[in-house]
1. Restricting to segment 26-51, name every residue that is over 21 Å from residue 106 (Cα atoms) and within 16 Å of the chain's Cα centre (by Cα).
2. If you take just the helices (runs of 4 or more DSSP H) that sit entirely in segment 71-127, which of them hold at least 1 residues that are under 15 Å from the mean Cα position of the chain (by Cα) and in contact (Cβ under 8 Å) with a residue 60 or more places away in the chain?
3. Just checking, how many residues over segment 92-118 are at positive phi and surrounded by 16 or more Cβ atoms within 10 Å (Cβ to Cβ)?
4. Within the group 43, 36, 68, which residue is in contact with a helix residue (DSSP H, G or I) (Cβ under 7 Å, 6 or more places away or on another chain), farther than 23 Å from residue 115 by Cα and surrounded by 15 or more Cβ atoms within 10 Å (Cβ to Cβ)?
């Protein structure tokens, strides 16, 4: 077994394990949720499900590319919780970590994890070995799923910014976040279709 493949397996099982902990030790993850952000429990459960899903996907060569990008988007989505931990003394005390660790170790680690997920996405030999028809279906479906996830993350970011600026208007923040999701997805889907058409056109020439 190649060293890279072994590392990817370890990384995949690591994400699965952390995802399971979202359900076994939910309180731990609730402690680092920014107070201004709504749906604390729901967010912990959703992120746990996605970590299990993407961790499993990165182990399988056929789904490794899409799962890797799913992990990248997920790591970006949960980064506000890491930022909150870095600057919240109460959150640090509740987890028993120092401010140095939270700020100078945990925050940079997220970028390392993103880089590793991107690195694992480059291992797509088995992906290319599939038939063109199967690849078209699986890639198209997977990319659309990632577009939905990216749209959701955009909505979360918009809602978080709104809550930071206008803390008392939680309902308006939720509406803004949902609006951002529905506004972002059609734009991304249109761009994906244009890219797909251009790629198909280049393949025929």
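1. Listed by number, the residues that qualify are 42, 45, 46, 49.
2. Numbers: elements: 79-87, 89-95, 107-121.
Because the criterion is at least 1 residues that are under 15 Å from the mean Cα position of the chain (by Cα) and in contact (Cβ under 8 Å) with a residue 60 or more places away in the chain, the helices (runs of 4 or more DSSP H) in segment 71-127 that meet it are 79-87, 107-121.
3. 0
4. Numbers: 43 fails: in contact with a helix residue (DSSP H, G or I) (Cβ under 7 Å, 6 or more places away or on another chain); 68 fails: farther than 23 Å from residue 115 by Cα.
That would be 36, the only listed residue that is in contact with a helix residue (DSSP H, G or I) (Cβ under 7 Å, 6 or more places away or on another chain), farther than 23 Å from residue 115 by Cα and surrounded by 15 or more Cβ atoms within 10 Å (Cβ to Cβ).
Throughout, read-outs are computed from the coordinates displayed, never taken from laboratory work. Because the structure is a prediction, the values reported are computed rather than measured. Note: ideal-geometry Cβ built from the backbone for every residue, glycine included; neighbour counts use all protein chains shown.
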